[in-house]
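Right, one structure below, let's go through it.
The values are calculated or read from the model by the stated rules, or taken from the named source; none is laboratory data. Model, not experiment: these values are computed from the prediction. Positions of Cβ are backbone-derived with ideal geometry, glycine not excepted, and every protein chain shown enters the neighbour counts. To get the accessible areas, we keep the full protein, side chains included, count just its heavy atoms, and leave off ligands, DNA and RNA. Shrake-Rupley method; radii C 1.70, N 1.55, O 1.52, S 1.80 Å.
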Amino acid sequence: MSFRRVAIIGLGLIGGSIGLALRDDGLGTVTTGYDADPAVRVRARARGLVDHVCDDPGEAVRGADLVILCVPVGAMRDAAAAIAADLSPHCVISDVGSSKRTITDALTDALPGFEIIPAHPVAGTEHSGPDAGFATLFNQRWCIITPPPGANPAKVAALVDFWESLGAMVETMDADHHDRVLAVTSHIPHLIAYTIVGTASDMETVTRSEVIKYSAGGFRDFTRIAASDPTMWRDVFLHNRDAVLEMLDTFLTDLALMREAIRAGDGQMMFDTFSRTRAIRRSIVALGQDDPRPDFGRSDHK
Ligand SMILES: NC(=O)c1ccc[n+]([C@@H]2O[C@H](COP(=O)([O-])OP(=O)(O)OC[C@H]3O[C@@H](n4cnc5c(N)ncnc54)[C@H](O)[C@@H]3O)[C@@H](O)[C@H]2O)c1
Ligand SMILES: O=C(O)C(=O)C[C@]1(C(=O)O)C=C[C@@H](O)C=C1
């Protein structure tokens, strides 16, 4: 089976990118969309993010065989409740949220009896909103699908095909495992970036102008990540709390070891750690999995 009519709820970076990618896929998929913010709907129409931008969530999902919720993690339950009465009984409900356990539970509660197959494209930028999306966002990027136990295998396979048709590489895993992995690879890195940029700008001995003036190197890379959407990231930390706290404890233990090495002048410990992490970066690049976007991975990106 393949999805002929796709409804996108939330027309920001991720929803808009899905719409644009579907427009370009040549498969003739009909797309509809809705966003709670009227100004976003205006921009979505102007950019042609979907074939039909609706002013009502129910109208957007009527007749759809795939509905993808592309709203902040904390808005998933309300977005699901708003479409419940208008869904076709056969349709698949999915999402793109950055954490998976609490979303799976919220969607199962809000939409009893529907086929819910959560997903997370591990692709994004620090930009958000309807003008931020682009059709190639998912090319060669992972999309993790977390089918709940008992999910219909044919519908899971159709969702895998759907994401592959957008250019993504797909992996399936359990929602709790997803949340622990992403806590380390995405959520804590964002927390570190938000914190270090905040720390630097708060320091009394480093004026704001010095922070800006000398931010050409590593700090500049942190500022890109720390510019990510505050609503999105607040929700991620509220909803992936347990996994983030667990991984944060491990990170803080390692940071304390590093602090002790610096205090004790243990150059060998630092050299060994930095050599190990350099090897990790080099293996990512060798696998061709550093960022394929042409303007990323350079020190002069915006
Ligand atoms: N930004 C990233 O890098 C990235 C990557 C992968 C997944 N995600 C996930 O994708 C989701 C969307 O993120 P984004 O970056 O596209 O955010 P965004 O801010 O660009 O877009 C979200 C849109 O949802 C709309 N919205 C909010 N509540 C709504 C509701 N109840 N009904 C309808 N519309 C509603 C907002 O008006 C906004 O336009 C989030 O769950 C996020 O965790 C983000
Ligand atoms: O490239 C970026 O700007 C991102 O932060 C994208 C990123 C990530 O951490 O990799 C951010 C959150 C998502 O849920 C998925 C992707």
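Quick one: pull the percent of accessible area on the chain belonging to carbon and sulfur, 1.4 Å probe, ligands and nucleic acids left out.
57 percent
Please identify every one of the chymotrypsin sites (Phe, Trp or Tyr not before Pro) in segment 45-153 that sits in a loop by DSSP and has no more than 16 other beta carbons within 10 Å of its own beta carbon. Write down the numbers at each step before the final one.
Working: sites: F114, F134, F138, W142; in loops: F114, F134, F138.
In loop regions of segment 45-153 (DSSP not H, G, I, E or B), the sparsely surrounded chymotrypsin sites (Phe, Trp or Tyr not before Pro) are F134.
When a/c is below 1.5 the answer is rounded, else prolate if a/b is larger than b/c, else oblate, so apply that to segment 184-251 with a ≥ b ≥ c taken from the square roots of the Cα gyration tensor eigenvalues. Before the final figure, lay out each step's value.
On the way: a/c = 2.33, a/b = 2.08, b/c = 1.12.
Here segment 184-251 falls in the prolate category.
Rank L287, L111, L191 by mean-square fluctuation in a GNM of the chain with C-alpha springs under 10 angstrom and give only the top-ranked residue.
L287
Which of K213, K155, K100 ends up with the largest GNM mean-square fluctuation for the chain, with Cα atoms connected below 10 Å?
Highest fluctuation of the listed residues: K213.
May I ask you to compute the full-extension gain from D56 to S275, defined as 0.36 nm times their residue separation minus their alpha-carbon distance, rounded to one decimal in nm?
73.4 nm
Mind checking the dipole of segment 177-265: about its Cα centre, +1 per Lys or Arg Cβ, -1 per Asp or Glu Cβ, Debye to the nearest 20?
So the dipole magnitude of segment 177-265 works out to roughly 280 debye.
Against the longest alpha carbon principal axis of the chain, how many degrees, from 0 to 90 and to the nearest 10, is the axis of helix 153-165 turned?
60 degrees
Roughly speaking, what is the stretch gain from A85 to T108, that is 0.36 nm per residue apart minus the C-alpha to C-alpha distance, in nm to one decimal?
Value of the extension gain: 6.8 nm.
Choose one of M247, L22, A82: the residue whose Cα lies farthest towards the positive end of the charge dipole of the chain (beta-carbon charges +1 Lys, Arg; -1 Asp, Glu; about the Cα centre).
The residue sitting most towards the positive pole is L22.
For the chain, with every protein chain kept in place, what is the accessible area per residue (1.4 Å probe, Å²)?
Result: 52 Å² per residue.
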